[in-house]
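Notes follow the structure.
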Amino acid sequence: MTLKKINRAVWTERWPAPAKLNLMLRITGQRSDGYHLLQTVFQFIDLCDWITFHPVGNGVVSLQKTIPGVPEADDLTIRAAKLLKAETGCEQGVCIEVEKNLPMGGGLGGGSSDAATTLVVLNELWNLNLSRERLAELGLTLGADVPVFVYGYSSWAEGIGEKLERIDVPEQWVVLIRPDCHVDTKEVFLAKDLTRNSKSIRIVDFIAGQHQNDCLGVVRERYQPVKDALVELSEFSEARLTGTGACVFAQFDSKKAAVSAYRSLQKKWQVYLVKGVNESPLFSRLKAGN
Ligand SMILES: C[C@](O)(CO)[C@H](O)COP(=O)(O)OP(=O)(O)OC[C@H]1O[C@@H](n2ccc(N)nc2=O)[C@H](O)[C@@H]1O
Ligand SMILES: Nc1ncnc2c1ncn2[C@@H]1O[C@H](COP(=O)(O)OP(=O)(O)OP(=O)(O)O)[C@@H](O)[C@H]1O
């Protein structure tokens, strides 16, 4: 994918950091360092954080405003910008402004997406010329979900999420519920009763309807709001967990059916009506050259 060069005038633009859904997730094993081997399908949705990069002349990387509960040094955008500077010796500075719309701990990959948008956009704005592959390698050190956001296309993923194969999946309407709880990814992966030995499947099996998420049993058991949301959403369409949750979603062929489910669920839940997209909104934006 070739991207048009960004010129200086767009420093003040805000850039999207979209959410992802895991349309299925199988755990097929575990590495010696404890990380789990997965098979998953990633698709983006048009629900985004928005990031603005303000140039500063003193070489310092900072946040305009910290996210509650996340110290500045831990913020994944700051860590991504610092990684780029360490990798290239770049002496520029930036003040990063994040408009946070994606719920944290929701299984939507918001932190990873913020990191990926920072890597991709600063690589352009700072004229660093790092390849997409190198950005994905750097991103993987920040989180298992970062590479898919760096490549920016719906993918079949294996390994811990870094072995990616681009696929096209139907771009359907999605109703997403954010249950009122925060699921800790690490805690789910540490659970004794987590399924860790699923048989590997092929892309055709997924297309034929194998949508299981191996984290579902553990999460449903421990988080009653997730269990309730799954029951209520499944009255409208097949309800699934994304990643380790807490968000649950259902796909719809027609906007009308999705709107009807959205309106009904809205009375009780924090709910979003969104669209699945195969190309990350970040890359659609970069290709359009603004
Ligand atoms: C479950 C997914 O959301 C699927 O997309 C991701 O694999 C999770 O990715 P992430 O949030 O970027 O996760 P990371 O920050 O890399 O890992 C958080 C913690 O989850 C556990 N972890 C994560 C991913 C993985 N494949 N195996 C694991 O065991 C590790 O204990 C790790 O310390
Ligand atoms: N810019 C950021 N945005 C969100 N979270 C961040 C950010 N920087 C660091 N974090 C940390 O990352 C944690 C995970 O946040 P994130 O929104 O990615 O969760 P998630 O959607 O459950 O991720 P995943 O699906 O990858 O498990 C947060 O609880 C927070 O401590």
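The values are calculated or read from the model by the stated rules, or taken from the named source; none is laboratory data. Keep in mind it's a predicted model, so treat the numbers as computed, not measured. No Cβ is skipped: glycine too gets one built from the backbone with ideal geometry, and neighbour counts run over all protein chains shown. Heavy atoms of the whole protein, side chains included, go into the accessibility calculation; ligands, DNA and RNA do not. Shrake-Rupley method; radii C 1.70, N 1.55, O 1.52, S 1.80 Å.
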- Message: Explain nothing, just compute: Karplus ³J(HN,Hα) = 6.51 cos²θ - 1.76 cosθ + 1.60, θ = phi - 60°, for every residue of the stretch 89-106 in order, whole Hz, x for Gly and Pro.
- Response: x, 4, 9, 7, x, 8, 10, 9, 10, 10, 8, 8, 10, 7, x, 7, x, x
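Could you sort M24, M104 by accessible area so the largest value comes first, with the probe set to 1.4 Å? If you can, show how the numbers build up before the last one.
Values: M24 0, M104 80 Å².
Accessible-area ranking of M24, M104, largest first: M104, M24.
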- Item | R178, R79, ranked by accessible area, largest first (probe 1.4 Å) | R79, R178
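Just to be sure I follow the definition: excluding the sites themselves, where is the longest run in the chain that has none of the GluC sites (Glu not before Pro) in a DSSP loop with at most 12 other Cβ atoms within 10 Å?
Numbers: sites that count: E91, E235, E238.
Within the chain, the longest run free of exposed GluC sites (Glu not before Pro) spans 92-234.
Pairs of Cα atoms under 8 Å, at least six residues apart: use those to get the relative contact order of the chain, whole percent. Intermediate values should be presented prior to the final figure.
Details: 603 pairs, mean separation 73.5, N = 290.
Averaging sequence separation for qualifying contacts and normalising by length gives 25 percent for the chain.
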- Residue by residue through the stretch 180-197, which ³J(HN,Hα) values in whole Hz follow from phi under the Karplus form 6.51 cos²θ - 1.76 cosθ + 1.60 (θ = phi - 60°), with glycine and proline marked x? 7, 7, 10, 9, 8, 3, 4, 4, 5, 5, 8, 4, 4, 8, 5, 5, 10, 10
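Going through the stretch 188-290, which trypsin sites (Lys or Arg not before Pro) have at most 11 other Cβ atoms within 10 Å and a DSSP loop state? Show your work: numbers first, answer last.
Details: sites: K192, R196, K199, R202, R220, R222, K227, R240, K255, K256, R263, K267, K268, K275, R285, K287; in loops: K192, R196, K199, R202, K267, K268.
Those satisfying the criteria are K192, K199, R202, K267, K268.
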- Amide H to amide H under 5 Å from L37: which residues, 5+ apart in sequence or cross-chain, H placed 1.01 Å off N in plane? T28, G29, Q30, R31
- Residues with amide H under 5 Å from that of Y153, placed H, sequence gap 5 or more: S280
- XL table K163/K275; K163/K268; K65/K256; K163/K256; K100/K268; K65/K85; Cα-Cα > 32 Å flagged, in table order, is K163/K268; K65/K256; K163/K256
- GNM of the chain, Cα pairs under 10 angstrom: of G243, G105, G34, the biggest fluctuation goes to G34
